[in-house]
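Engineer: Could you have a look at this structure, given as structure tokens, before my questions?
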Amino acid sequence: MSKILLIDDDSMVLQLLKHFLENEGYLVKTANTSRDGLELARHQPYFLAIVDLLMPVVDGYEVCRRLRELGVENILVLTDRQDERSVIRALEVGADAYLYKPFELPVLLAKIRTLLRRSGLHTPQICRQYDDGHLHIDLDRRLVELDGHTVQLTATEFRLLAILLQNVGRVVPHEELISKIWGGSKKSGLTSLKLYVYYLRRKIEDQPKDPYYVLAEWGIGYRLREPATESLPEK
């Protein structure tokens, strides 16, 4: 999965972009200070960093230069400054592309996909439907059915199921699920996560205590069983 690092001192912008990009299939880490962003880049690779130029303490130009030294392959800068000199300076210190604020989210996505193609990477393909002849899920229609009968899920239950489907067959860590659903830490959210997994299993599993679809990897996370490679349980 393509990993993106967001660095911006505006928490609302970070939350909006993180939610949008995760829904598009990207793995996103955020930092609201330059120092935190650079620290994240030191410890794991990112194919793209999105950086606000007007960062306090360590400005966006210096962040771009250091990110390039740390091996970040692509850097996209966001700027409120509607002047060519700021953009040229950012490009000279390491940025690959830029966007003027405010911008439309589809434009941001197009920029990211362009950088992906240039790097020889592929746009993540998000699974949005699931059908094994027993359980049917359609994220675009917000529809869940068991043997043709509609299953009513709460917003949180549906969000949990959607994240698992978008990563079907892959174990999604507890921390990632908690962050995407509630935005909290593992310590504060693990109990809630287990509770909603229990609720979800009661609605989509034939035997909730011996689940077939929502599987636990103890101490790690949960995964949704792939429909094409593993056979259905006998009734």
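Nothing in this text is a laboratory measurement; each read-out follows from the coordinates by a stated rule. If you're wondering where the values come from, they're calculated on a predicted model, not measured in any experiment. Neighbour counts are summed over all protein chains in view; Cβ atoms, including those assigned to glycine, are modelled from backbone coordinates with ideal geometry.
Engineer: At q = 0.27, 0.34 Å⁻¹, what base-10 log of I(q)/I(0) does the Debye formula yield for the stretch 25-69 when every alpha carbon is treated as an equal point scatterer in vacuo?
Structural biologist: Scattering profile of the stretch 25-69, log10 relative to I(0): -1.06, -1.54.
Engineer: Then there's this: Quick check on my link table: of Lys18/Lys111; Lys3/Lys29; Lys3/Lys180; Lys18/Lys194; Lys180/Lys203; Lys18/Lys101, which ones sit more than 19 Å apart, alpha carbon to alpha carbon? Working shown, then result.
Structural biologist: Working: Lys18/Lys111 16 Å; Lys3/Lys29 8 Å; Lys3/Lys180 15 Å; Lys18/Lys194 24 Å; Lys180/Lys203 21 Å; Lys18/Lys101 17 Å.
Violating the 19 Å Cα-Cα cut-off are Lys18/Lys194; Lys180/Lys203.
Engineer: Continuing with this model, one more query. What's the extension gain from Glu175 to Gln129 if we count 0.36 nm per residue and subtract their Cα-Cα distance? Before the final figure, lay out the partial values.
Structural biologist: Values: separation 46, 0.36 × 46 = 16.56 nm, distance 2.42 nm.
Gain on stretching Glu175 to Gln129: 14.1 nm.
Engineer: Restricting to bridges with both residues inside the chain, how much of the DSSP beta-bridge set is antiparallel, in percent to the nearest 5? Intermediate results must be reported in sequence, preceding the final value.
Structural biologist: Working: 15 of 33 bridges.
So the antiparallel bridges amount to about 45 percent of the total.
Engineer: Quote the convex hull volume per residue of the stretch 3-118, based on C-alpha atoms, as a whole number of Å³. Display every interim value, and only then the final one.
Structural biologist: Numbers: hull volume 10.6 nm³, N = 116.
In the stretch 3-118, the Cα convex hull volume per residue is 92 Å³.
Engineer: Where in the stretch 1-20 does the amide nitrogen come within less than 14 Å of the point 7 Å from the Cα of Arg159, taken along Cα to Cβ?
Structural biologist: Zone members listed by number: 15-16, 18-20.
Engineer: Quick check: convex hull of the Cα atoms in the stretch 129-224, volume per residue, rounded to a whole Å³? If you can, show how the numbers build up before the last one.
Structural biologist: Numbers: hull volume 8.6 nm³, N = 96.
Per-residue hull volume (Cα only) is 90 Å³.
Engineer: Another question, if that's okay. For the pair Glu92 and Leu215, what calculated FRET efficiency results from E = 1/(1 + (r/R0)^6), where r is the Cβ-Cβ distance and R0 = 45 Å, to the nearest 0.05?
Structural biologist: On the way: r = 50 Å, r/R0 = 1.12.
For R0 = 45 Å, the calculated efficiency reads 0.35.
Engineer: Continuing with the same structure: Using the 2.2 N^0.38 Å rule of thumb for compact globular proteins, work out how the chain stacks up: its C-alpha Rg over that value, please. Present the calculation step by step, with values, prior to reporting the outcome.
Structural biologist: Details: Rg = 20.3 Å, N = 235, 2.2 N^0.38 = 17.5 Å.
Normalised Rg, Cα atoms only: 1.16.
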